[in-house]
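The values are calculated or read from the model by the stated rules, or taken from the named source; none is laboratory data. These numbers were taken from a predicted model, which means no experiment stands behind them. Backbone-built Cβ (ideal geometry, glycine too); neighbour counts: all protein chains shown.
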Ligand code: SF4
């Protein structure tokens, strides 16, 4: 028997090698923080959607070892169908080894409609049609009469008013016609998949645009492990399709990239040349001086940490809105004195008001504020100003006074090979201060990056006191290092100018 599932079918449609590698080389599967966040959001949203049509039954069942009990789920589905249940969640079917679970199976006349829940904002993604076509195919093979097919997505314009309105939070889009066009491909695709999955030989499939479309592939590290390092895929700020186009033309190593030259601007050329030959640090003194002349003491080095809940929990916020919950502020005076201030909200309540009030106390309206990639901080301050009109005058003045420490790097005024073509603070700081333990994020406890901070903050409210104190301390130390790092970057720019 050939066993396949809905997720394997979708993987196969992205690239036939993905389900093969998952089966034969699962240890090569490397999931990034963004993908994990997408999975987590999908689970949370899927649970929420179950109540969209009122009363429902759910078939999800587990074995003693915590794994899904698919046999029990299939039996319960048949039982609920026989009982005429209106809404069956995670309804599970198996046709000769082809398994699928339907997020919501909704009774309509003598048949059923399929509802597939997605945590994204747009229903217009071909993979959703691929996904639901497979579901309809399996259900019809199992003798279920399928009526219409719908995709449920999130309305990111919905504003939470204290009571979550599922009918406003979710958007329902009918895709029956698109599924009917696609469903003819399912049988042939499954035949092809069976051939590949039965073979012990790894499919000879090369890198392509599919490695990022519709999702970044978790096997990219494995499939590129024999490429030179660095390679065309490390080039700064070049679209993935352009990188693939170079790769397909046989241009992969930096020597080849340099010889070809077609995608090299000044910054990428320097990245490549410095990687091929260590030329120390490139410094454009005039450019750096020009930037520093736009600053004035005292300098306020500022950084937000945010959370981005898919299901809004604070009144007046939208799904996926970036909510500032924490900040760190280092203040450097003309005489070299350095002060530090910080704020960390309480996760059981909306932290924005308290944060905004502290912010206007900590930062005068007429001082020079520095961030790294100021667009992010400025956007959050503008949102705070909109949420709290009584503070908006001061907040907007702070926003208007922001300068961006990323500018000198993005404009190519300072570069060394250790930056590896990345201008993120996590690349720039160790490249300027190699081996400095005080500036090494790896030496922090618990929180080492923004994703970890984002994941930890909402959990604070459920922690025992001692654990919470430790976690809060970890969050504060992480954010403080971000702004201390900005001070050190500023000092380096001043030193070399
Ligand atoms: S990295 Fe690309 S080629 Fe390799 S399995 Fe993924 S999609 Fe296929």
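Summary table
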quantity	calculated
Scope the stretch 173-193; condition closer than 13 Å to residue 19 by Cβ and surrounded by fewer than 15 Cβ atoms within 10 Å (Cβ to Cβ); matching residues	192
Given (1) surrounded by 14 or more Cβ atoms within 10 Å (Cβ to Cβ); (2) assigned by TED's automatic domain parsing to the domain that holds residue 360; (3) at pLDDT below 95, number of the condition residue 267 does not satisfy	(2)
Long-range neighbours under 6 Å by Cβ, at least six apart or interchain, first residue over 16 Å from residue 430 (Cβ atoms) within the stretch 401-417, second modelled with pLDDT under 95 and crowded, with 17+ Cβ neighbours inside 10 Å	410/423; 412/267
Helices (runs of 4 or more DSSP H) contained in the stretch 1-54 and holding at least 3 residues within 16 Å of the ligand (Cβ to nearest atom) and in the same structural domain as residue 168 (by TED's automatic domain parsing)	6-14, 17-24
Filter result (more than 8 Å from the ligand (Cβ to nearest atom), loosely packed, with under 14 Cβ neighbours inside 10 Å and not in a helix (DSSP H, G or I)) within the stretch 203-213	204
Unmet criterion (only one of (1) surrounded by 14 or more Cβ atoms within 10 Å (Cβ to Cβ); (2) at pLDDT below 95) for residue 348	(1)
Meets criteria (farther than 29 Å from residue 170 by Cα and under 23 Å from the mean Cα position of the chain (by Cα)) for residue 254	no
Residue in the stretch 215-223 that is under 26 Å from the mean Cα position of the chain (by Cα), within 16 Å of the ligand (Cβ to nearest atom) and modelled with pLDDT under 95 present	yes
Yes/no for residue 177 being within 16 Å of the ligand (Cβ to nearest atom), at pLDDT 95 or above and assigned to a helix (DSSP H, G or I)	no
Residues satisfying the stated conditions in the stretch 126-164, i.e. out of contact with any helix residue (DSSP H, G or I) (no Cβ under 9 Å at 6 or more places or on another chain) and more than 22 Å from residue 311 (Cβ to Cβ)	139, 141, 142, 143
